[in-house]
Amino acid sequence: MPMPDHNPNDPAYWDTVVANYEAQAQPFTGFFAEAALARLDISPGTRLLDVACGTGAVALAAARLGAEVLAIDFSQGMVARVLSHGLPNVAGRQMDGQALDLPDGAFDAVVSVFGVMLFADWRAGLREMARVTRPGGQAAVAVWRDPRGAATHLFIAQVRADLFPDHAMAVPFSGMTVLSDPDGLAACLVEAGFADPVIVPVHHDFHLNMAAFDDAERFFAMSPALTTLAPEQRTAVLAEMRRRAEAGRTGDTYPIPATALIAVARRP
Ligand SMILES: C[S@@+](CC[C@H](N)C(=O)[O-])C[C@H]1O[C@@H](n2cnc3c(N)ncnc32)[C@H](O)[C@@H]1O
């Protein structure tokens, strides 16, 4: 089956993966979204902005805490999915996180979980987060500790590197590299206009359902480490992944360890 062009800086790409993302990724990113929110002062009425909301991991969890949420994403499909829940305290707008169409200081809390790290101009994304946070307000940013990402992306990247070491894949996003280092993350938050960053590693396994291998090309269609390979290399990587997963499975799933860095900072 043909795979969608993987260009995370193109909203049209994200529009094509909304259902896949919600089914495969959001249950996993939701864990880190809740971990980020738990580090913020959120109470009923807190004005919270979710930057690069995807299918709503942060927005929906913040809404459950009573926050008044605005969820933004440059993918109209993602925003529509969040709004389809019909929650009275969740608004959504299609918007580029690198140039927020929002007033200065409008939010008590601003959160981006695995979002801003992907932006072409992620430094602008962080600056925009600081600009719209009110003085005294807080922000939380979650990024992956491994610049190659996590879950199936990381698994595929590891197998690909082992099988085709001469065909190494450059990390496509400088944000994922710079921000995957705790010192780099802290420095960039300060540079963007935040103060007192506190960064904690948070671990959580991704449980890859073994049934994924029944239709592997479709299931792993979101990963650039696979889509950028020739068809015969892709087949070889998928076969080796299956072999490793069979060897390490626990019941119906294969656990893939992941570590995120969650940074919380204050707007002076
Ligand atoms: C890995 S997903 C994260 C989604 C969600 N925060 C979560 O944790 O599940 C990245 C999201 O960033 C969005 N995105 C990428 N670049 C963007 C930009 N410049 N402005 C707004 N959203 C963007 C994508 O559309 C996608 O929904």
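The values are calculated or read from the model by the stated rules, or taken from the named source; none is laboratory data. The structure displayed is predicted, hence computed values, not measured ones. All Cβ positions, glycine included, derive from the backbone under ideal geometry; neighbour counts span all protein chains shown. Accessible surface areas use protein heavy atoms only, side chains included; no ligands, DNA or RNA. Shrake-Rupley method; radii C 1.70, N 1.55, O 1.52, S 1.80 Å.
Computed quantities for the displayed model
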item	result
Ala124, sole failed condition from (1) aliphatic (A, V, I, L, M); (2) part of a helix (DSSP H, G or I); (3) within 30 Å of Gln233 (Cα to Cα)	(3)
Counted residues, region 104-121 - those being touching a residue at least 60 places away in the same chain (Cβ under 8 Å) and under 18 Å from Phe173 (Cα atoms)	9
Positions within region 87-105 being within 19 Å of Gly66 (Cα to Cα), assigned to a loop (DSSP other than H, G, I, E, B) and in contact with a helix residue (DSSP H, G or I) (Cβ under 7 Å, 6 or more places away or on another chain), in sequence order	Leu87, Asn89
Tally of residues being closer than 13 Å to Val18 by Cβ and either assigned to a loop (DSSP other than H, G, I, E, B) or without any contact (Cβ under 8 Å) to a residue 24 or more places away in the chain (or both) across region 39-73	4
Unmet criterion (only one of (1) open to solvent by less than 20 Å² (accessible area, probe 1.4 Å); (2) touching a Leu at 6+ places or on another chain (Cβ under 7 Å); (3) away from the ligand (no atom under 14 Å from the Cβ)) for Arg145	(1)
Pairs, first of a type in the set (S, T, N, Q) in region 203-214, second open to solvent by 50 Å² or more (accessible area, probe 1.4 Å) and not in a strand (DSSP E or B), C-beta under 9 Å, six or more apart	Asn209/Asp252
Helices (runs of 4 or more DSSP H) contained in region 147-239 and holding at least 1 residues more than 25 Å from Asn7 (Cβ to Cβ) and touching a Pro at 6+ places or on another chain (Cβ under 7 Å)	182-192
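One line per residue, one yes/no per condition, for (1) closer than 21 Å to Glu128 by Cα; (2) within 13 Å of the ligand (Cβ to nearest atom); (3) surrounded by fewer than 20 Cβ atoms within 10 Å (Cβ to Cβ):
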{"position": "Tyr13", "(1), (2), (3)": "no, yes, yes"}
{"position": "Val17", "(1), (2), (3)": "no, yes, no"}
{"position": "Pro27", "(1), (2), (3)": "no, yes, yes"}
{"position": "Gly30", "(1), (2), (3)": "no, yes, yes"}
{"position": "Leu37", "(1), (2), (3)": "yes, yes, no"}
{"position": "Asp41", "(1), (2), (3)": "yes, no, yes"}
{"position": "Ala62", "(1), (2), (3)": "yes, yes, no"}
{"position": "Asp73", "(1), (2), (3)": "yes, yes, no"}
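Matching residues to (1) under 16 Å from the mean Cα position of the chain (by Cα); (2) more than 10 Å from the ligand (Cβ to nearest atom); (3) at pLDDT 95 or above; (4) surrounded by 18 or more Cβ atoms within 10 Å (Cβ to Cβ):
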{"residue": "Ala91", "(1), (2), (3), (4)": "no, yes, yes, no"}
{"residue": "Gly97", "(1), (2), (3), (4)": "yes, no, yes, yes"}
{"residue": "Phe107", "(1), (2), (3), (4)": "no, yes, yes, yes"}
{"residue": "Val110", "(1), (2), (3), (4)": "yes, yes, yes, yes"}
{"residue": "Trp122", "(1), (2), (3), (4)": "yes, no, yes, yes"}
{"residue": "Ala157", "(1), (2), (3), (4)": "no, yes, no, yes"}
{"residue": "Pro165", "(1), (2), (3), (4)": "no, yes, no, no"}
